[in-house]
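Data block below; observations after.
Laboratory data are not the source of any read-out in this text; all were calculated from the coordinates shown. Just so we're clear, the structure is a prediction, and the values are computed from it rather than from any experiment. Heads up, the Cβs are rebuilt from the backbone with ideal geometry, glycines too, and the neighbour counts pull from every protein chain shown.
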Amino acid sequence: MLRFIARRFLEAVPVLFIIATATFFMMRLAPGGPFDSEKQVSREVRARMEAHYGLDKPLFQQYLLQMKHLLHGDLGPSFKYPGRTVNEIIADAFPVSLELGCEALAVALAFGLAAGMVAALKQNSAWDHVPMGLAMIGLCVPTFVMGPLLISAFALHLDWFNAAGWFFPRDRVLPALTLGAYYAAYIARLCRGGFLEVLNQDYIRTARAKGAGGARILFKHALRGGILPVVSFLGPAVAGLLTGSFVVETIFGVPGLGRYFVTAAFNRDYFMVMGSVLFYACFVVVLNLVADVALVWLNPKLRFE
Amino acid sequence: MADSTPMAMVEPAETGGGSSFWQDAWHRLWQNKLAIFGLAVLGVLAALCFAAFLWPNITGYSYEQQNLALGPAPPNHAHWLGTDPLGRDLLARLLYGGGISLMVGLCATAVSLTIGVIYGAIAGFAGGKLDMLMMRTVDILYALPFAIFVILLMVFFGQNIILLFVAIGAVEWLTMARIVRGQVMAVKRQEYVEAAHALGLKEGRIIFRHIVPNLLGPIIVYATLTVPEVILLESFLSFLGLGVQPPHSSWGVLIKEGAEVMEEYPWLLIYPGAVMALTLFSLNFLGDGLRDALDVRGSKD
Amino acid sequence: MPLLTVENLRAAFHTRNGVVRAVQDVSFQLERGETLGIVGESGSGKSVTCYSIMGLVPQPPGRIEGGRALFGGVDLLACSHRQLNGIRGRRISMIFQDAMTSLNPFLRIGEQLIEPLMIHEKIARTAATDRALAMLDEAGISEAEHRLKMYPHEFSGGMRQRVMIAMALITKPDLLIADEPTTALDVTVQAQILELIRKMQNELGMAVILVSHDLGIVSGFCNRVMVMYAGRVMESARTDDLFYDTKHPYTRGLQNSIPALQMKGRELHTIPGQPPDPHHPLPGCPFAPRCGHAVEYCARGEIVMLEAAPQHGTACLRVQKENLSI
């Protein structure tokens with residue numbers, strides 16, 4: 001098992017390296033620079049600002065410098081927010097995104113697993129069609145439609161929540177629901193599929209022949225096989241939750257990392273972009289590893305390799 | 001389960017001709033009301049959007065024709081779905097945008113299909129180390145937040161619609177590659193391929209007559225299910241201002257514009273949102289129906 | 001009073017392509033400690049009969065369309081789910097053909113072995129584990145303590161089947177239904193497994209229903225044999241009577257087809273033709289199209305089991321009407 005983890009970390013290093021390189025060159029080769037919008041300053045001042053950040057050096061030299069900084073964990077300064085380093089901004093903004101992501105994931109798992117299991121147990125009944133119909137809605141209505149609709153209904157008309165902001169605990173509800181809806185739907189379908197397949201297996205028949213009741217069959221026998229597709233999905237799901245947060249953070253005014261990332265990209269805030277991308281990539285790699293470990297752990301056949 | 005569901009025995013010739021796999025599949029699909037509904041809706045929508053493309057003034061207004069004097073108006077006799085703050089007819093924009101969204105959907109899906117099928121087929125046929133390497137790459141890529149790269153691409157390199165197809169297609173090919181490779185491997189091991197070899201059939205003939213037909217099923221299903229994901233991704237990008245640019249419209253653009261003025265002019269959000277949701281529903285129902293009809297089971301989905 | 005009485009059992013599957021009448025009008029009785037063999041080819045309905053008794057037929061698309069299965073005063077086909085669960089695994093146990101797929105790959109053997117005890121008896125885990133160890137011992141599995149912690153895929157085919165048997169018998173049931181327990185095993189292992197079942201049967205005094213397509217196995221093991229074809233019982237008799245006084249052409253055909261009993265070097269005997277299409281049953285005797293003794297009324301008459309000799313029933317119309325010698 002340890003070898004498995006170690007191997008995965010080793011695989012991750014070249015991947016992160018490639019990502020960093022690709023991002024670097026993509027940014028620098030793109031038209032436009034970080035100070036283009038500073039219309040007020042004169043040419044010379046601009047040149048000096050660029051020199052200050054080392055942007056006048058040859059491209060390859062900048063690249064090597066950047067890599068060196070990255071290896072030391074120094075993500076550099078932000079252009080758009082002078083006086084603040086990227087590390088600081090990420091340290092402030094990421095916990096917000098993390099909280100939102102966790103809450104959305106909790107919503108997705110709670111609704112998704114419950115709906116999927118019930119739908120599989122009562123296949124082709126109303127308990128199957130209704131949740132799966134709702135799941136379809138969750139899949140087909142994008143976050144930026146659902147968000148405004150939820151705001152309109154619950155915040156503006158019913159006045160249960162604030163329309164935006166991230167100050168009170170109840171401010172978490174609508175954003176988490178909006179972000180989690182798509183994943184709840186996906187998980188519900190995967191879970192239903194997984195459970196249906198398991199419930200048709202011979203070993204479930206054996207359990208019935210032993211006199212096992214519904215709950216025992218579901219939780220002791222079917223669960224471990226049935227949630228495998230969901231666990232597989234968790235890796236990409238987390239990746240999606242992170243990116244989906246861009247939109248949700250924008251709509252609900254959540255001061256999270258996603259918003260910073262998009263604005264940084266628009267503003268050509270090089271170091272901020274690089275920092276965010278790498279940060280996300282690392283995060284996703286780690287989480288995927290966790291999901292894969294869980295997958296292997298759940299399946300005894302794989303565990304002893 | 002040896003006896004639980006008795007298998008159909010060999011049919012004597014008198015009971016009439018058998019039906020081929022595709023005929024059976026079509027028959028099953030036809031019985032799936034939701035899937036047929038989806039197919040019908042898609043057909044109508046596609047026809048309307050295509051018509052709007054060919055005859056831009058079909059509703060009496062073009063998608064970019066402004067009427068500043070009129071301004072935003074709720075649905076009325078002259079403008080069936082109302083107008084936006086610039087006085088543009090929503091119906092015209094909706095149909096035109098639909099055409100663009102559908103086109104992006106189809107083209108990007110085609111890109112991802114091409115890449116995915118080729119990649120997956122090579123991995124599946126090759127087997128061994130090459131396959132392991134290729135699939136490991138796919139595993140790693142699958143987990144990364146690709147949308148980030150698409151965003152970067154679109155931000156930095158401009159809003160070229162061709163780039164949009166390629167970027168989106170490059171994100172979605174992974175699943176297709178996995179499916180195709182899985183299917184190739186499964187079919188390769190089937191006994192009927194061994195039997196064909198034993199009968200002395202040539203490699204090429206085996207590939208074309210036995211392996212390829214068995215690939216079509218999953219490919220069709222997943223292509224159908226990829227289109228809605230692509231449309232969602234495109235609308236996501238448009239929402240961020242990165243996809244289709246004004247004055248062109250796509251559903252994503254329309255929804256973005258509608259969300260901005262949602263409180264005062266709700267119809268501008270509701271109609272595009274509803275139409276897009278309806279289209280995605282239809283595609284998903286159709287995809288599900290195809291999956292059931294062709295009896296395809298994905299490995300991870 | 002017999003242990004199990006099955007009367008006019010009818011089960012069908014409602015599929016996309018039509019209705020399949022898997023079991024039609026099957027009746028039999030089983031006494032305590034008796035061994036009944038049910039023989040037939042694939043599709044004969046022998047397994048579905050047993051699944052129906054145990055309530056294991058998936059209810060869509062399957063359906064029990066009639067009949068009773070009386071066990072200890074309870075009609076298994078009509079009782080509540082709770083009652084059925086109380087009987088399954090405790091008083092009637094079942095083992096299946098493929099032990100690999102019939103054991104849960106995600107759970108350790110020990111866990112699965114003690115499960116019937118945990119469900120049906122109020123005993124502590126440690127006590128249950130002790131009994132599981134004893135059972136494994138009885139079943140001829142060495143290093144029992146170590147094995148309890150293992151997973152199914154770590155066992156060989158024969159050992160898995162032993163584990164299944166141990167699991168089925170740990171509650172000392174009155175009846176064991178064995179659905180083709182040896183079909184997936186090597187010949188040498190087959191004999192061992194049958195030995196084991198026989199041994200346990202003697203110790204526990206339980207009845208056994210052995211389902212198989214192999215007439216040879218059944219004849220060596222069972223007191224009575226029931227031959228099924230196309231969902232119906234064709235002949236039912238004590239084993240010796242079935243062989244020495246055969247009263248149905250199908251049974252005779254099966255006997256003749258046993259390869260080991262045929263002369264070497266000659267063409268193997270087969271019953272000509274194919275089993276009937278279950279979607280389109282024809283009137284009259286289902287075996288008539290393939291039967292060398294068939295006459296024109298065979299394709300018309302209503303098929304019922306009648307006693308042609310003491311404790312020897314047959315459904316052959318010709319035997320019933322004319323006392324034909326097979």
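Side notes on the structure shown:
- Listing A:I187, C:I119 from fewest to most neighbouring C-beta atoms within 10 Å gives C:I119, A:I187.
- Among C:G313, C:G73, C:G253, the largest mean-square fluctuation in a Gaussian network model of chain C (Cα springs under 10 Å) belongs to C:G73.
- When the helices of chain B are scored as -39500 (n - 2.57) per DSSP H run of n ≥ 4 and the total is divided over every residue, the value at 222 nm lands at -23000 deg cm²/dmol.
- Estimated D of segment C:4-229 in µm² per second, where Rh is the Kirkwood radius over Cα pairs and Stokes-Einstein applies at 25 °C, 0.890 mPa s: 136
- Split chain C at each of the trypsin sites (Lys or Arg not before Pro) in a DSSP loop with at most 13 other beta carbon atoms within 10 Å, and the longest piece is C:150-263.
- Cα shape, segment B:114-237, gyration tensor, a/c 1.5 rule: prolate
- Put simply, the amide H of C:I209, placed in the peptide plane, has neighbours under 5 Å in C:L36, C:L176, C:I177, C:A178, leaving out anything fewer than 5 places away on its chain.
- Estimated at 0.36 nm per residue, the fully extended path between C:V19 and C:Q59 surpasses their Cα-Cα distance by 13.0 nm.
- Chain A: calculated mean residue ellipticity at 222 nm from DSSP helix runs of at least 4, using -39500 (n - 2.57): -24000 deg cm²/dmol
- Chain A: C-alpha gyration tensor shape, a/c 1.5 cut-off, then a/b vs b/c: oblate
- Per-residue HN-Hα couplings for segment B:221-236 [Karplus 6.51, -1.76, 1.60; θ = phi - 60°; Hz; x = Gly/Pro]: 4, 6, 5, 4, 7, 7, 3, x, 5, 5, 4, 4, 5, 4, 5, 4
- Where both bridge residues fall in segment C:142-274, DSSP classifies roughly 55% of the beta bridges as antiparallel.
- The aspartates and glutamates within cross-link reach of B:K33, meaning a Cα-to-Cα straight distance under 20 Å and a gap of 8 or more places when in the same chain, are A:D128, B:D24, B:D288, B:D292, B:D295.
- Considering helices alone, the calculated mean residue ellipticity of chain C at 222 nm is -9500 deg cm²/dmol, with DSSP H runs of length four and up weighted by -39500 (n - 2.57) and normalised per residue.
- Mean sequence separation of contacting Cα pairs (under 8 Å, at least six apart), scaled by the length of chain B, corresponds to a relative contact order of 25 percent.
- Springs between Cα atoms under 10 Å define the GNM used for chain A, and in it the highest mean-square fluctuation of A:A20, A:A110, A:A47 occurs at A:A47.
- Relative contact order of segment C:268-318, defined on C-alpha pairs under 8 angstrom at six or more residues apart (%): 29
- Nearest-ten-degree value, helix A:257-267 long axis tilted from longest Cα axis of chain A: 40
- Placing a label point 7 Å from the Cα of A:L134 along the Cα-to-Cβ direction, the residues of segment A:103-128 whose backbone N falls under 17 Å of that point are A:104-128.
- Distance in nm between pseudo-label sites at C:E307 and A:V290 (7 Å out along the Cβ direction from Cα): 7.3
- Relative packing of A:254-263, B:160-169, A:83-92, which averages over residues the other C-beta atoms within 10 Å, highest first: A:254-263, B:160-169, A:83-92
- When every Cα-Cα distance of the protein assembly as shown is counted in 20 angstrom steps from zero, the calculated P(r) takes the values 12, 35, 31, 17, 5, 0 percent.
- Lysine pairs within chain C, Cα separation less than 21 Å, 8 or more sequence positions apart or different chains: 4
- For chain C, the longest site-free run once GluC sites (Glu not before Pro) in DSSP loop states with at most 10 other Cβ atoms within 10 Å are removed: C:1-142
- Mean sequence separation of contacting Cα pairs (under 8 Å, at least six apart), scaled by the length of chain C, corresponds to a relative contact order of 20 percent.
- Coil-residue chymotrypsin sites (Phe, Trp or Tyr not before Pro) of segment A:160-216, DSSP, other Cβ within 10 Å capped at 13: A:W160, A:F167
- Neighbour counts of other Cβ atoms within 10 Å put C:I271, B:I36 in the fewest-to-most order B:I36, C:I271.
- Alpha-carbon Debye profile of segment A:157-305, log10 I(q)/I(0) at 0.11, 0.13, 0.17, 0.19 Å⁻¹: -0.63, -0.79, -1.03, -1.13
- For C:G62, the amide hydrogen comes within under 5 Å of the amide hydrogens of C:H14, counting only partners 5 or more places away or on other chains and with H modelled in the peptide plane.
- Per-residue average of Cβ from other chains inside 10 Å of C:96-102: 5
- Share antiparallel - DSSP beta bridges, the protein assembly as shown, percent rounded to 5: 65
- Order of B:W173, A:W297 - criterion: other Cβ atoms within 10 Å of each residue's Cβ, fewest first: A:W297, B:W173
- Fluctuation leader among B:S20, B:S250, B:S235 - chain B, Gaussian network, Cα springs under 10 angstrom: B:S20
- Peptide C:38-49 shows a mean partner chain C-beta count of 3 within 10 Å per residue C-beta.
- Anisotropy class assigned to segment C:213-257 is rounded, per the alpha carbon gyration tensor with a/c under the 1.5 cut-off.
- Proximity of backbone amide H atoms, modeled 1.01 Å from N, is registered between C:R88 and no other residue at under 5 Å, excluding neighbours fewer than 5 places apart on the same chain.
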